[in-house]
Each structure stands twice: as structure tokens, then as C-alpha cells.
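To keep things clear, I will list the structure first and then write my remarks on it.
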Amino acid sequence: MSKTAVVVLSLLLAMAGIGAPIWFAIAQSERQGFEAVSRQALAYARDILLRSDETGAQIAVGVDRLARDHAAAPCSPASIDAMREIDVGSSYIQAVGYLRGDMLVCSSFAGQSSQFSLGPADYRTANAASFRRNVRFPFAPQRSFIVIERNGFAAVIHKDLPIDTAKSEPDVSLAVFSRQSTTPLSVRGHIEPAWLGRLGKAREAAFVDGEHLVAVVRSEHYLTAAIAAVPLRYLRERTSDVARRLVPVGLAAGALLTLAILYLAREQMALPAAVRSALRREELFLLYQPVVDLQSGRWVGVEALLRWRRPNGEIVSPELFIPIAEQHGMIVRITERVLELLCKEAAGLLAAHPGFHIAINVSPADFHDPGFLDGLHAALRGMGAAPGNLILEVTERGLMDPDVARTTTGVLRRNGFALAIDDFGTGYSSLAYLESLELDYLKIDRSFIEAIGTEAPTSQVVQHIIAIARDLDLSMVAEGIESEAQAEFLRARGVQYGQGWLFGKPMPFAEVVAHMRGQAAVQAMAANDA
Ligand code: C2E
Ligand code: MG
Ligand code: MG
């Protein structure tokens with residue numbers, strides 16, 4: 001990635017890093033604010049519905065008892081006594097009486113002494129109860145009552161009793177409706193009857209309408225519903241309360257995230273320069289991993305794997321710095337360095353073991369380097385080795401350009417070098433294409449060896465790869481063998497060579513030399529015995 005691209009990308013990420021947590025904090029405050037005020041509104045609505053249900057229950061019990069016991073003589077002294085008992089015994093009912101037409105002919109408060117006309121009923125329900133929403137008695141003309149009558153017996157209740165709640169918040173509007181009428185039975189403040197319709201089939205609903213957050217709750221026992229409407233001001237206050245708590249947290253998180261992004265971007269920009277200086281300061285070194293003959297267990301060669309020891313002692317994996325070197329045009333220099341290191345370290349070994357090979361990893365860019373071939377020959381001279389001692393490992397990706405691949409592999413082969421296709425199975429090369437190249441080894445990628453004997457979907461792939469290698473007449477090296485079971489599986493299927501922790505991790509060259517010395521001694525002893 002170019003420097004400008006890194007700068008632009010990190011700036012964009014940094015902006016997103018600051019913006020996202022703040023946006024999240026605000027969205028979260030709005031959500032929490034809405035939830036809190038909805039809970040409050042629903043609590044008011046449930047409370048007044050509870051009072052209204054309780055009133056309904058007291059009326060039903062009282063009025064039904066009167067109808068059962070006193071239907072024949074509804075205004076008899078015994079009936080009036082029963083009315084008084086109900087009146088005194090129930091918390092929500094103010095009075096009980098008997099109606100003939102629209103006239104209250106006797107009652108718990110006036111006996112038979114005075115009669116009042118109540119005016120016509122506002123509506124009747126399906127179970128023959130009649131409702132009067134606004135009844136005034138001459139002895140208390142400023143108070144308004146609700147009168148509910150059934151079978152002639154009527155209960156009088158104070159109009160404001162169900163909504164006698166939330167006194168400390170007078171701007172909260174409250175109402176109880178019979179769901180047969182759009183006029184409330186009892187109301188405080190501003191209520192839109194249309195809000196009832198928003199309930200649909202639900203038992204409860206909370207929503208914002210105009211300047212209110214509205215909660216509607218339906219009774220489970222009666223055809224009634226309660227509404228509480230809280231001014232939106234409550235919601236705004238609540239939201240900004242939550243925001244005051246959350247936004248600083250969001251800001252801090254955003255700042256931290258941004259710092260992390262900027263730090264990583266700086267690292268990213270600094271890495272190519274660091275790799276360059278690693279080359280200059282000779283911080284790169286090689287480790288060697290044995291490649292064994294799977295049948296005999298003998299070491300037949302090693303793969304040279306690069307490491308970078310940073311000045312602070314940290315060892316950096318090639319998976320990290322090789323791609324950077326490839327992107328920033330340093331890989332040719334790196335391959336040269338690998339060859340230099342080989343000359344320094346491996347010179348003696350190949351003279352003592354002429355059949356031994358050393359594999360190095362090369363990149364696509366090496367194929368375009370005009371000095372590549374000369375460099376290889378120079379290295380061979382330095383090591384006192386023959387071209388056949390050197391295996392060049394190149395990935396399928398490295399062979400992507402067919403013209404370059406065919407020419408280069410042809411030239412290298414004619415010069416006597418052996419070629420291996422690395423990480424096989426992770427690219428997309430077709431069989432026909434591979435057939436057209438001059439190759440010697442196929443290295444089966446570690447991921448397929450790992451899958452052997454597991455339930456992984458790729459567990460069968462290794463068999464296909466073995467069949468491909470046979471078709472192409474290539475020797476096989478299985479990478480990443482960690483268990484004897486994997487080795488046995490591969491051995492049984494004719495894979496010739498193996499590499500992996502089971503046989504040895506990448507190690508300094510001195511350890512390779514020591515091992516080869518031991519191996520040679522054992523061989524010599526075996527030859528003597530024979
Ligand atoms: P690669 O060429 O496929 O090398 C094999 C990798 O598998 C090595 O990782 C090795 O340490 C690891 N390995 C071997 N056996 C086992 C095992 O049993 N288990 C596990 N988990 N891992 C195992 P390493 O050394 O980190 O190298 C990674 C890659 O970096 C190499 O993959 C190669 O593509 C690249 N690389 C290394 N050195 C060079 C170099 O000098 N030049 C270039 N161009 N690429 C290099
Ligand atoms: Mg390799
Ligand atoms: Mg590999």
C-alpha cells in the first residue's frame with residue numbers, strides 16, 4: 001500500500017474511530033431515554049387501570065348482590081341498609097342507589113327522602129350496564145360523578161378517583177376510557193382519543209405522538225383502557241441525562257481507538273523502512289528445517305527459513321516481513337541476502353554430503369531479476385555445491401504469469417537447479433498448466449496435513465493432491481507433519497519426503513551439521529556391518 005493510501009485510510013479510520021463510539025453513545029442514550037420514559041408512562045397507565053379495574057370489581061359485587069337480594073323491593077329499608085353497607089365497605093364507591101328510568105329514587109346517602117333526575121345514559125354496554133359520565137347532584141354542584149347502573153341498581157363514583165395519581169407531575173395527562181366510547185370516563189390533561197386505536201390487538205403499547213410519549217394499557221377484565229401521556233420534555237431530559245454519562249465514555253473509547261489506529265498506521269508506515277534497515281544492519285538470519293525421507297527417516301535436506309531479529313531482541317516471522325519486502329521492492333535484495341548467508345554457513349556441509357540439498361524460498365520478483373541466475377551460480381561456487389544441491393521453492397502464486405513461469409522454470413531447469421512448487425493446494429493452478437512447467441517437487445501445504453484424520457471438510461484433499469503429483473510425475477514433500485499418525489498416513493500413500501515438527505523445528509545450521517555427522521557415522525557403521 002502506498003504511503004498516501006495508508007495516510008488517507010488511517011485518517012478515515014481515525015474519523016470513524018472517533019465518530020462511531022459517539023454516534024453509538026447518542027443512539028444508546030436515545031434508546032435508554034425512550035425506554036425509561038416509556039416505563040414511567042406505562043407505570044402510570046397500569047396504575048390507573050388497576051384502580052379502574054378495582055372500582056369495576058367493587059361495583060359488580062355490590063350491584064349484583066343488591067339485584068339478587070332486593071330486586072322485589074329495591075327501595076325497602078332492608079335494601080337501603082344493604083346499600084349503606086356496600087357504600088361504607090368499598091373504597092372506590094361513593095354511593096349506591098336505585099334508578100327508575102332516569103330518576104335516582106332511593107340511595108345510600110338520601111334513603112327514600114329525596115329523588116334526583118340523572119338525565120339520560122351516555123351509553124349502554126353489551127351486558128346491559130348503563131354509563132353516565134357526568135352527573136352532578138344539587139347538594140354538591142361543583143363535583144362531577146360517574147354513575148354505572150345495572151338491573152336498576154347504580155353505583156356512584158367520584159369522577160377523578162381512577163386518575164387520582166401522579167399528583168407531583170401535573171403535566172402528565174391521564175385518562176380511563178370505556179372502549180365503547182371515544183369520550184373518556186375520567187380524564188386529566190390533554191388526551192387524544194385516537195391514541196386508543198394505536199393499541200391494536202396488543203395489551204400494552206408505548207409510542208411517541210406529537211409532543212407526547214404515550215402509553216396505552218387495556219384491561220384484562222373489563223372493556224376499559226387507560227392512557228398516560230408524558231410530555232416529550234421528560235424524554236429529552238432523560239436522554240440528555242444518559243448522554244451526559246455515555247458521551248464522555250464514547251469520546252474516551254473513540255480517542256483510544258483512534259490512538260490505536262494511528263499507532264498501527266505509524267507502525268505500518270515504519271515497517272518498510274525497518275525492513276530496509278534490517279537488511280542494512282544484517283539483522284536477518286537463517287534457520288534450517290530438516291526434510292526427511294519418510295521411509296528411512298534419514299535427513300535428505302533442509303529448507304532455509306528466514307528470521308529477523310530486531311534490535312530489541314524480538315524475532316519477527318517471515319509471514320510478516322516477506323510480504324512487506326515483496327510490496328516495497330526489497331525481495332530481490334532479500335533473496336540475495338539469503339544466498340550470502342548460505343555461502344557463509346553451508347559451505348562445508350555439501351562437500352561432505354554431496355547428495356544433500358538445501359531449499360530456499362523465492363518470490364515472483366526474483367524471476368524478473370536479470371541478476372538472479374548469476375547470483376545462484378555465484379552462491380553455488382561459494383558453497384562448493386552443484387546446482388542439484390539447491391532446490392528453489394516457489395508458490396503457485398509465484399507461477400501465475402504463464403509466460404514468465406515457463407521461460408524461467410525452463411532456464412533454471414536447464415541450469416541444473418531443482419524446482420519445487422510450495423504450499424501446493426492453496427492456489428488455483430490447473431493440472432494442464434502445471435503439466436506445461438518443468439518441476440521436480442510438489443510440497444503439500446501444511447493445512448491439508450493438519451486435516452488428516454479429522455472431520456474437516458479438507459481431510460480428503462490430501463489424497464487428491466497425491467494423485468495429482470503422481471500424474472505430474474513429481475516427488476512429494478509433505479509440510480507441517482506434527483504426528484506419527486500423519487507420517488504413517490503419508491508413508492502408506494507413497495509420499496516420499498516429509499518436513500515438520502515431528503522431525504525437527506527450524507534450527508541453527510550448527511545443529512544440522514551435528515545431526516548429519518551422527519547420521520553419517522550410523523551409515524558408516526551399517527555399511528561396515530554389511
Ligand atoms: P513455507 O516455505 O511454506 O515454510 C514452511 C513454514 O511452515 C515455515 O514457517 C515453518 O516454520 C512452518 N512449519 C514447518 N513445520 C511445521 C509444523 O510441523 N507445524 C507448524 N505449525 N508449522 C510448521 P516460517 O518459517 O514462519 O515461514 C513462513 C513462510 O515465509 C514460508 O512458508 C515462506 O513462504 C516464507 N519465507 C520464509 N523464508 C523465506 C525467504 O527466505 N524468502 C522468501 N521469499 N520467503 C520466505
Ligand atoms: Mg517453502
Ligand atoms: Mg510451504
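The values are calculated or read from the model by the stated rules, or taken from the named source; none is laboratory data. Just so we're clear, the structure is a prediction, and the values are computed from it rather than from any experiment. Cβ sites come from the backbone with ideal geometry, for glycine too, and all protein chains shown count toward neighbours. Note: areas computed on protein heavy atoms with side chains; ligands, DNA, RNA excluded. Shrake-Rupley method; radii C 1.70, N 1.55, O 1.52, S 1.80 Å.
Answer with yes or no whether Ser29 is in contact (Cβ under 8 Å) with a residue 60 or more places away in the chain and under 25 Å from the mean Cα position of the chain (by Cα).
Yes; evaluated as a whole, the condition is true for this residue.
Search region 475-492 for residues that are closer than 18 Å to Phe424 by Cα and near ligand 1 (Cβ under 9 Å from one of its atoms) and pair each with any residue that is assigned to a helix (DSSP H, G or I) and open to solvent by 70 Å² or more (accessible area, probe 1.4 Å) when their beta-carbon atoms are under 6 Å apart and the residues are at least 6 apart or on different chains.
Once the first residue is closer than 18 Å to Phe424 by Cα and near ligand 1 (Cβ under 9 Å from one of its atoms) and sits in region 475-492, its partners that are assigned to a helix (DSSP H, G or I) and open to solvent by 70 Å² or more (accessible area, probe 1.4 Å) give Glu479/Arg446; Gly480/Arg446.
Inside region 360-390, can you point out the residues that are open to solvent by less than 30 Å² (accessible area, probe 1.4 Å) and more than 11 Å from ligand 1 (Cβ to nearest atom)? Break it down into steps so the answer makes sense when it comes.
Filtering region 360-390 down to residues open to solvent by less than 30 Å² (accessible area, probe 1.4 Å) leaves 360, 362-363, 366-367, 372, 375-376, 379-380, 383, 385, 389-390.
Scanning region 360-390 gives Phe367, Phe372, Gly375, Leu376, Ala379, Leu380, Met383, Ala385, Asn389, Leu390.
I need the full set of residues from region 430-449 which are away from ligand 2 (no atom under 16 Å from the Cβ) and either polar (S, T, N, Q) or open to solvent by 20 Å² or more (accessible area, probe 1.4 Å) (or both), in order please. Even if it seems obvious, please write down each step before you answer.
First pass over region 430-449, keeping only residues away from ligand 2 (no atom under 16 Å from the Cβ): 430-438.
Answer for region 430-449, where residues must be away from ligand 2 (no atom under 16 Å from the Cβ) and either polar (S, T, N, Q) or open to solvent by 20 Å² or more (accessible area, probe 1.4 Å) (or both): Ser430, Leu431, Ala432, Tyr433, Glu435, Ser436, Glu438.
In region 340-359, how many are open to solvent by less than 60 Å² (accessible area, probe 1.4 Å) and not in a helix (DSSP H, G or I)?
From region 340-359, those open to solvent by less than 60 Å² (accessible area, probe 1.4 Å) are 341-343, 346-350, 353, 356-359; that's our starting set.
Add one more test, that the residue is not in a helix (DSSP H, G or I), and what stays is 353, 356-359.
Matching residues across region 340-359 total 5.
Suppose the filter is surrounded by fewer than 19 Cβ atoms within 10 Å (Cβ to Cβ) and either of a type in the set (D, E, K, R) or away from ligand 2 (no atom under 16 Å from the Cβ) (or both); does Gly504 pass it?
Numbers: surrounded by fewer than 19 Cβ atoms within 10 Å (Cβ to Cβ): yes; either of a type in the set (D, E, K, R) or away from ligand 2 (no atom under 16 Å from the Cβ) (or both): no.
Spelling it out, it is not the case that Gly504 is surrounded by fewer than 19 Cβ atoms within 10 Å (Cβ to Cβ) and either of a type in the set (D, E, K, R) or away from ligand 2 (no atom under 16 Å from the Cβ) (or both).
Among (1) open to solvent by 20 Å² or more (accessible area, probe 1.4 Å); (2) within 16 Å of ligand 3 (Cβ to nearest atom); (3) closer than 18 Å to Gly398 by Cβ, there is one condition Val477 misses while meeting the rest; what is its number?
With (1) open to solvent by 20 Å² or more (accessible area, probe 1.4 Å); (2) within 16 Å of ligand 3 (Cβ to nearest atom); (3) closer than 18 Å to Gly398 by Cβ applied to Val477, the lone miss is (1).
Can you run down the residue pairs with Cβ atoms below 6 Å, 6 or more apart or on separate chains, where the first is in region 78-107 and among the basic types (Lys, Arg) and the partner is buried (at least 19 other Cβ atoms within 10 Å of the Cβ)?
Short answer, once both residue conditions are applied: Arg84/Ser108.
With the requirement that a residue be at pLDDT below 90 and among the aliphatic types (A, V, I, L, M), what does region 201-241 give you?
Leu223, Leu232, Leu235, listed by residue number.
Looking at region 324-347, can you tell me whether even one residue there is modelled with pLDDT of 90 or more and within 16 Å of ligand 3 (Cβ to nearest atom)?
Let us first name the residues in region 324-347 that are modelled with pLDDT of 90 or more, namely 324-345.
So of that shortlist, the ones also within 16 Å of ligand 3 (Cβ to nearest atom) come out as 326, 338.
For region 324-347, residues modelled with pLDDT of 90 or more and within 16 Å of ligand 3 (Cβ to nearest atom): present.
From the list Thr55, Thr4, exactly one residue is touching a Phe, Trp or Tyr at 6+ places or on another chain (Cβ under 6 Å) and assigned to a helix (DSSP H, G or I). Which is it? I'd like the intermediate steps shown before the answer.
Numbers: Thr4 fails: touching a Phe, Trp or Tyr at 6+ places or on another chain (Cβ under 6 Å).
Matching residue, one of Thr55, Thr4: Thr55.
Within region 278-310, restricting attention to residues that are more than 12 Å from ligand 1 (Cβ to nearest atom) and within 40 Å of the chain's Cα centre (by Cα), which residue is most open to solvent (accessible area, probe 1.4 Å)?
Arg309
Looking at Glu267, Glu326, Glu314, which is the one that is charged (D, E, K, R) and not assigned by TED's automatic domain parsing to the domain that holds Gly375? Walk me through it before giving the result.
Working: Glu326 fails: not assigned by TED's automatic domain parsing to the domain that holds Gly375; Glu314 fails: not assigned by TED's automatic domain parsing to the domain that holds Gly375.
Every option except Glu267 fails the conditions.
Which pairs turn up if I take residues in region 387-411 that are free of Cβ contacts under 8 Å to residues at least 40 places away in the same chain and look for partners that are of a type in the set (S, T, N, Q) and within 16 Å of ligand 3 (Cβ to nearest atom) with beta carbon separation below 7 Å, at least 6 apart in sequence or on another chain?
Glu396/Thr426; Glu396/Ser429; Gly398/Ser363; Leu399/Ser429
Select from region 335-363 the residues that are more than 14 Å from Gly384 (Cα to Cα) and within 14 Å of ligand 2 (Cβ to nearest atom) and list them in ascending order.
Thr335, Val338, Ala359, Ile360, Asn361, Val362, Ser363
If I go through region 370-397 residue by residue, how many of them are out of contact with any Gly (no Cβ under 7 Å at 6 or more places or on another chain) and closer than 16 Å to Ile322 by Cβ?
The qualifying residues number 3.
Name the one entry in Gly97, Gly119 that is assigned to a loop (DSSP other than H, G, I, E, B), modelled with pLDDT of 90 or more and more than 60 Å from the chain's Cα centre (by Cα). Spell out the reasoning first.
Working: Gly97 fails: assigned to a loop (DSSP other than H, G, I, E, B).
Being assigned to a loop (DSSP other than H, G, I, E, B), modelled with pLDDT of 90 or more and more than 60 Å from the chain's Cα centre (by Cα) holds for just one of Gly97, Gly119, which is Gly119.
Which of (1) in a helix (DSSP H, G or I); (2) surrounded by fewer than 13 Cβ atoms within 10 Å (Cβ to Cβ); (3) under 45 Å from the mean Cα position of the chain (by Cα) is the odd one out, the single condition Ala524 does not satisfy?
(3)
Considering each residue of region 406-422, count those that are buried (at least 20 other Cβ atoms within 10 Å of the Cβ), touching a helix residue (DSSP H, G or I) at 6+ places or on another chain (Cβ under 9 Å) and not β-branched (Val, Ile, Thr), and give that number.
Within region 406-422, residues that are buried (at least 20 other Cβ atoms within 10 Å of the Cβ), touching a helix residue (DSSP H, G or I) at 6+ places or on another chain (Cβ under 9 Å) and not β-branched (Val, Ile, Thr) number 5.
Cβ-Cβ distance below 9 Å, separation of 6 or more or different chains: which pairs start in region 420-441 with a residue that is at pLDDT below 85 and of a type outside the set (Ser, Thr, Tyr) and end on one that is more than 16 Å from ligand 1 (Cβ to nearest atom) and open to solvent by 60 Å² or more (accessible area, probe 1.4 Å)?
Gly425/His464; Leu431/Asp471
Out of region 414-428, which residues are within 16 Å of ligand 2 (Cβ to nearest atom) and of a type in the set (Ser, Thr, Tyr)? Spell out how you get there, then give the answer.
Residues of region 414-428 that are within 16 Å of ligand 2 (Cβ to nearest atom), as a first pass: 417-427.
Within region 414-428, Thr426 is the sole residue that qualifies.
When the residues of region 62-87 are filtered to those that are open to solvent by 20 Å² or more (accessible area, probe 1.4 Å) and in contact with a Ser or Thr (Cβ under 8 Å, 6 or more places away or on another chain), which remaining residue is nearest to Phe131 (Cα to Cα)?
Result: Asp87.
Looking only at region 480-501, which residues are over 40 Å from the mean Cα position of the chain (by Cα) and either on the phi > 0 side of the Ramachandran plot or more than 16 Å from ligand 3 (Cβ to nearest atom) (or both)?
Scanning region 480-501 gives Glu488, Arg491, Ala492, Arg493, Gly494, Gln496.
Do we have any residue at all in region 454-470 that's open to solvent by 80 Å² or more (accessible area, probe 1.4 Å) and under 29 Å from Gly410 (Cα atoms)? Working first, answer last.
First, the residues of region 454-470 that are open to solvent by 80 Å² or more (accessible area, probe 1.4 Å): 455, 457, 460, 464, 470.
This time we only want the ones that are under 29 Å from Gly410 (Cα atoms), so: 464, 470.
Yes, region 454-470 has at least one match.
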